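The structure appears below as structure tokens.
The values are calculated or read from the model by the stated rules, or taken from the named source; none is laboratory data. Since the structure is predicted, the reported quantities are computational estimates derived from the model, not experimental observations. Please note: Cβ atoms are built from the backbone with ideal geometry, for glycine as well, and neighbour counts cover all protein chains shown.
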Amino acid sequence: MKRLLLAVFLFTMAAVAAFAQTSVIELGRKIKIDDNYSYIFEFAERAKLGPATLRVELLDKDGKKTNDLSITVYSYMPSMKGHHDENRIFSVNKSNQNYLALINFVMRGQYRLEINFFKEGKLYHTGIYDIKI
């Protein structure tokens, strides 16, 4: 009976993972939105328990930093949706045009980051990424 339950559980988890539209990405890599924009995101320091600063560099089509778009990040633990959720608005550092948001990781595990880009108040792009703390 235990083996059957384990098999059902593993099959269910595999099915959920197959339908999730997430990426596990190496932080610091350039991600193309479209022909006009790309971005790089990373943590100011290695992400660990407690507060962590997420930094996003938005680049225009020429590869120059820009702050044309508004950015929010929604972070949560997929296994505990609704318990450790945070929705943050990025502020722009005027000196280097980086977008910064503080995220609080309250326990170890897998977190999902939904980085939303808005242009003129309308959703322009969403990047969804899984990270492990």
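In segment 49-96, how many are modelled with pLDDT of 85 or more and part of a loop (DSSP other than H, G, I, E, B)? Lay out the reasoning, then the answer.
In the first step, residues of segment 49-96 are kept if they are modelled with pLDDT of 85 or more; the result is 49-79.
In the following step, the residues that additionally are part of a loop (DSSP other than H, G, I, E, B) were identified as 49, 61-64, 66-69, 77.
The total comes to 10.
Just one of (1) aromatic (Phe, Trp, Tyr); (2) more than 17 Å from residue 67 (Cα to Cα); (3) within 12 Å of the chain's Cα centre (by Cα) trips up residue 117, so point out which.
(2)
Among the residues of segment 97-133, how many are assigned to a strand (DSSP E or B), out of contact with any Lys or Arg (no Cβ under 7 Å at 6 or more places or on another chain), touching a residue at least 40 places away in the same chain (Cβ under 8 Å) and among the β-branched types (Val, Ile, Thr)?
The qualifying residues number 2.
For segment 85-123, what are the residues that are farther than 15 Å from residue 43 by Cβ, small (Gly, Ala, Ser) and surrounded by 15 or more Cβ atoms within 10 Å (Cβ to Cβ)?
Correct list: empty.
Output the residues belonging to segment 66-91 that are closer than 18 Å to residue 118 by Cβ and of a type in the set (Lys, Arg).
88
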